[in-house]
Amino acid sequence: MVEDNDSAEMTSVLCSVRGVFVIISTGGIAPLVVLSDGTGRVLPIFIGFPEAVSINSAYIKEIPPRPFTHDLFIETLDKFGVSVQSLQIDAINDGVYYAQLVFSIDHKEERVDCRPSDGIALALRKNAPLFVEEAVLESAGQAFENLPQMVDLDTFLKR
């Protein structure tokens, strides 16, 4: 368990999306987004199927025929002069990740608690950086080749 601790100095690591995947097993399918810190260490985050489709759409720069909920949210932010500055994945507790979206409005920074999947979907749409606390990466990060067998979401959807 890694919890956010304001008294401890926290170190954020810039990460990127390595891809959106699906693990297929006899128990069903499990979508996940995989973040990479660029050193070979990855952070798998299990997410819902709608979030996987939305993140993948932003990841591959696909423009859907009708806006997803995340597109609507970005459009609303843009109309009101709010910019997405970054996503900060700052804690993991009992396998649940916690994150904050960092916004800027009138030159003031505001943070909002969010699910990492929603934060990733929004940050990708605005080309905002994704940061993960080093303690979270130490706790849940692993080598990509150690992940279970999976297929990328595009391949899964084309089946």
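Just so it is clear, none of the values below were taken in a lab; they were calculated from the coordinates. Being a predicted model, the structure only gives us computed values, none of them experimental. In this analysis, Cβ positions are derived from the backbone assuming ideal geometry, glycine residues included, and neighbour counts consider all displayed protein chains.
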Please give every one of the lysines within straight-line cross-link reach of Lys61, meaning a C-alpha to C-alpha distance under 23 Å, and leave out same-chain neighbours fewer than 8 residues apart.
-> Lys79, Lys126, Lys158
Each label point is 7 Å from the Cα along the Cα-to-Cβ direction; what then is the distance between the points at Ala143 and Phe46, in nm?
-> 2.4
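If each DSSP helix of 4+ residues adds -39,500 (n - 2.57) and the sum is divided by the residues in the chain, what number results at 222 nm, nearest 500 deg cm²/dmol?
Values: 5 runs with 44 residues, N = 159.
Taken over the chain, the calculation gives -7500 deg cm²/dmol.
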May I ask you to evaluate 6.51 cos²θ - 1.76 cosθ + 1.60, the Karplus curve with θ = phi - 60°, for each residue of the stretch 20-32 and list the ³J(HN,Hα) values in order in whole Hz, giving x for glycine and proline?
-> 10, 10, 9, 9, 10, 9, 5, x, x, 10, 9, x, 8
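Do you know the relative contact order of the stretch 12-157, to the nearest whole percent, from alpha carbon pairs under 8 angstrom that are 6+ apart? Before the final figure, lay out the partial values.
Working: 272 pairs, mean separation 43.8, N = 146.
Worked out over the stretch 12-157, it gives 30 percent.
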For the stretch 146-157, Karplus couplings with θ = phi - 60° (6.51, -1.76, 1.60), whole Hz, Gly/Pro x = 8, 6, x, 4, 8, 10, 5, 4, 4, 4, 4, 5
What residues qualify as long-range amide H neighbours of Ile47, i.e. H under 5 Å apart, gap of 5 or more or another chain, H built at 1.01 Å from N?
-> Leu32, Val33
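Using the beta-carbon distance between Glu134 and Ser83 and R0 = 30 Å, what value does 1/(1 + (r/R0)^6) give for FRET efficiency, to the nearest 0.05?
Details: r = 26 Å, r/R0 = 0.87.
The calculated FRET efficiency here is 0.70.
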Under the Karplus curve 6.51 cos²θ - 1.76 cosθ + 1.60, θ = phi - 60°, whole-Hz ³J(HN,Hα) for the stretch 70-87, x wherever Gly or Pro sits | 5, 5, 4, 5, 4, 4, 5, 4, 4, 4, 9, x, 9, 10, 7, 8, 5, 10
Of (i) 15.8; (ii) 16.7; (iii) 16.3, which one was derived for Kirkwood radius over Cα pairs in Å from the structure shown?
-> (iii)
